[in-house]
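To keep things clear, I will list the structure first and then write my remarks on it.
The values are calculated or read from the model by the stated rules, or taken from the named source; none is laboratory data. Just so you know, these numbers come straight off a predicted model, no measurement behind them. Positions of Cβ are generated from backbone atoms using ideal geometry, with glycine treated the same way; all protein chains shown enter the neighbour counts.
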Amino acid sequence: MEAFIVIDNMVLGRGVFGIFSTAEKAQTYKDEFEARTAIKCEVRQISIVGPCASPNAVLAASGYDQIHDWHIFEGLYGEMPLARDAVGAKGLVVEFVIDAPEKKQIR
């Protein structure tokens, strides 16, 4: 399964801001978000790894780089065990409701 993410395009950025079912929805959110916050973003099409435990939610996983003390986006996952395996105990996993970026939760 594929999804479209809005992610900031800075090297030391803030990560994923929303996950969407279509490129058009992602682009609309990106344009509104940039106008509201002045944070520059990009839209990327990403494959979701594994089956989705919930039909309307997906996990964005970021690994932790201890040397630089930052999280780096690794990918999208359908289930928590896959996401946690990808980023380890210190990694960051955020559950997003697809097409509802305001509904997210750190897991």
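Numbers at a glance
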quantity	calculated
Odd one out for GLU102 among (1) part of a loop (DSSP other than H, G, I, E, B); (2) surrounded by fewer than 13 Cβ atoms within 10 Å (Cβ to Cβ)	(1)
Considering residues of region 54-99 that are hydroxyl-bearing (Ser, Thr, Tyr) and in contact with a Leu (Cβ under 8 Å, 6 or more places away or on another chain) only, the residue surrounded by the fewest Cβ atoms within 10 Å (Cβ to Cβ)	TYR64
Count of region 82-97 residues which are farther than 18 Å from TRP70 by Cα and within 10 Å of the chain's Cα centre (by Cα)	2
Residue in region 73-93 that is β-branched (Val, Ile, Thr), out of contact with any helix residue (DSSP H, G or I) (no Cβ under 6 Å at 6 or more places or on another chain) and either free of Cβ contacts under 8 Å to residues at least 24 places away in the same chain or under 15 Å from ALA3 (Cα atoms) (or both) present	no
Considering residues of region 7-53 that are within 13 Å of LEU76 (Cα to Cα) and exposed (fewer than 14 other Cβ atoms within 10 Å of the Cβ) only, the residue farthest from the chain's Cα centre (by Cα)	PRO51
Residue count, region 35-78 (criterion: farther than 21 Å from GLN105 by Cα, among the small types (Gly, Ala, Ser) and at pLDDT below 90)	1
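This table checks each residue for (1) of a type in the set (Val, Ile, Thr); (2) over 15 Å from GLY18 (Cβ atoms).
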residue: CYS41; (1), (2): no, no
residue: VAL58; (1), (2): yes, no
residue: GLY63; (1), (2): no, yes
residue: ILE67; (1), (2): yes, yes
residue: LEU76; (1), (2): no, no
residue: LEU82; (1), (2): no, yes
residue: ARG107; (1), (2): no, yes
